[in-house]
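The structure appears right after this line, and notes come after that.
Values quoted throughout were computed directly from the atomic coordinates according to the rules given, and no laboratory measurement underlies them. From a predicted model like this one, the values you see are computed outputs, not experimental measurements. Every residue, glycine among them, receives a Cβ derived from its backbone with ideal geometry; neighbour counts consider all protein chains shown.
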Amino acid sequence: MEQKFDGKVVLVTGGSRGMGREIVHALAERGADVVVASRKVEKCEEVADEVREKYGVRALAIGFNVSSWEDCNRLVETVYAELGQVDVLFNNAGASPLYPSLDQISEQYFDKVIGINLKGPFRLSALIGTRMAAGDGGSIVNIGSIEAIRPQPAALPYAAAKAGLHTLSEGFAQAFGPKVRVNTIQAGAFLTDISEGWPQGLKEEMEKKVALERCAEPSEVVGAALFLASEASSYVTGAVLRVDGGWR
């Protein structure tokens, strides 16, 4: 099934880099107007300019802090005022800063990780999903993590947040059905720019844990993203799609 998104508006958080940028380009290439939302508005503008020039679509760049309730509210109001609708929401923004040891995790660190990876996606899904359900429907796609089911000591707050995101996906699927589908892409190890800060040897360690014996390129999320965003997945909701190379 050919996936076309002409006339659709797609909002991607964390859309200025990594997997988010790949998703923005893939949807814009197929005709969607896109909203690139991330913390640094200048980086969002760069990606928005790229897709406007390359694909001739509308592209809105918005700087916001996903862990801020107020900023989530502002993002939603701005998008609906400027573009009138959201047909697909990708909750892609995420972060898992390194920490020296579990007992040295500060309350500020913990709250930040939960805020970015769980609180923000909850607020955006609640606001946009409610509007989708009252209108023509839509699709919400959460970018999860293998950490949700294979938690590692080096990323426990992040793993807990991503496990919560899986729960939100299933709950929102029930809340906003039948017009809104809500699903999760459970991502494995992707070689985004964040991977450049991985400790020495971590990439090789991860490669030993997967059936495909390699980490993924950011573009390899696109197939799953297009599937869950489009009518190709018309009877899929509340699901977790593993895109992790066969993590053991």
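Rounded to the nearest 20, the size of the Cβ-charge dipole of segment 15-86 about its Cα centre is 160 debye, with Lys and Arg at +1 and Asp and Glu at -1. For the charge dipole of the chain, defined by +1 on Lys and Arg C-beta atoms and -1 on Asp and Glu C-beta atoms about the Cα centroid, which residue among 160, 189, 78 has the Cα displaced farthest towards the positive pole? So the residue we want is 160. Can you tell me which of 200, 174, 85 moves the most in a GNM of the chain? Springs connect C-alpha atoms under 10 Å apart. Judging by the Gaussian network model, the answer is 200. If one computes the Cα centroid of segment 82-135 and of segment 1-68, what distance in Å separates the two points? Segment 82-135 and segment 1-68 have Cα centres separated by 17 Å.
The stretch between residue 149 and residue 191, if pulled fully straight at 0.36 nm per residue, gains 13.1 nm over its current Cα-Cα span. Net charge dipole, the chain: roughly 480 debye, given to the nearest 20, about the Cα centre with Cβ charges of +1 for Lys and Arg and -1 for Asp and Glu. Mean separation of Cα pairs under 8 Å and 6 or more residues apart, divided by the residue count, gives the chain a relative contact order of 19 percent. Listing 78, 237, 13 from fewest to most neighbouring C-beta atoms within 10 Å gives 78, 237, 13. Just to be sure I understand: with springs between alpha-carbon atoms less than 10 Å apart, which residue in 141, 210, 88 has the highest mean-square fluctuation in the Gaussian network model of the chain? Residue with maximal mean-square fluctuation among 141, 210, 88: 210. A dipole drawn for the chain from +1 and -1 charges on Cβ atoms has a positive end, and of 113, 88, 137 the residue lying farthest that way is 137.
Axis angle, to the nearest 10 degrees, between helix 156-176 and the longest C-alpha principal axis of the chain: 30 degrees. Taking the helices alone, the chain has a mean residue ellipticity at 222 nm of -12500 deg cm²/dmol, built from -39,500 (n - 2.57) per DSSP H run of at least 4 residues and averaged over all its residues. In order along segment 107-112, the Karplus-derived 3J(HN,Hα) couplings, from 6.51 cos²θ - 1.76 cosθ + 1.60 at θ = phi - 60°, round to 4, 4, 4, 4, 5, 5 Hz, and Gly and Pro are given as x. If R0 is taken as 22 Å, the Cβ-Cβ distance between residue 6 and residue 131 corresponds to a FRET efficiency of 0.60.
For the pair residue 208 and residue 46, the difference between a 0.36 nm per residue extended length and the Cα-Cα distance amounts to 54.7 nm.
Within the same chain, lysines fewer than 8 places from residue 54 are excluded, and of the rest, those with a Cα less than 28 Å from its Cα are 4, 8, 40, 43.
Note the angle between two axes, namely the Cα long axis of helix 69-83 and the longest principal axis of the Cα atoms of the chain, as a number of degrees from 0 to 90, rounded to the nearest 10. It is inclined by approximately 30 degrees.
Once the Cα atoms of helix 18-29 and of the chain are each reduced to a long axis, what angle between those two axes, in degrees from 0 to 90 to the nearest 10, is obtained? Orientation of helix 18-29: about 20 degrees from the principal axis.
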